[in-house]
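Accompanying notes for the structure given below.
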Amino acid sequence: MPKGPKGQKRPADVVSNAVKVMKIATGEEEEEFDPDDGKDKAAQAMGRKGGKARAESLSAKKRSEIAKKAAAKRWQR
């Protein structure tokens with residue numbers, strides 16, 4: 001059985017699945033999410049803080065170097 005991005009059940013045939021995805025995308029139908037995704041909420045909050053704290057602690061030059069390296073990796077493909 002096909003599954004959505006968070007493991008939700010989807011229709012098995014292609015046309016029904018396409019119709020379901022279209023209805024979700026246009027807002028005709030709400031996508032049902034399980035409120036408990038199995039992740040630790042405290043860890044998620046710390047992760048959100050960590051990225052911002054790291055960005056603030058880096059110098060502009062270092063951030064630029066990291067960005068250039070990431071861009072080079074993307075274009076390498």
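The values are calculated or read from the model by the stated rules, or taken from the named source; none is laboratory data. No experiment lies behind these values; they were computed from the predicted model shown. Note that each Cβ is placed from the backbone with ideal geometry, even for glycine, and that neighbours are counted across all protein chains shown.
Here is how the numbers come out for the structure above:
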{"read-out": "Helices (runs of 4 or more DSSP H) contained in the chain and holding at least 2 residues modelled with pLDDT under 90", "value": "14-26, 41-57"}
{"read-out": "Test: residue in segment 14-31 that is in contact with an Asp or Glu (Cβ under 6 Å, 6 or more places away or on another chain), without any contact (Cβ under 8 Å) to a residue 12 or more places away in the chain, surrounded by 10 or more Cβ atoms within 10 Å (Cβ to Cβ) and of a type outside the set (A, V, I, L, M, F, W, C)", "value": "yes"}
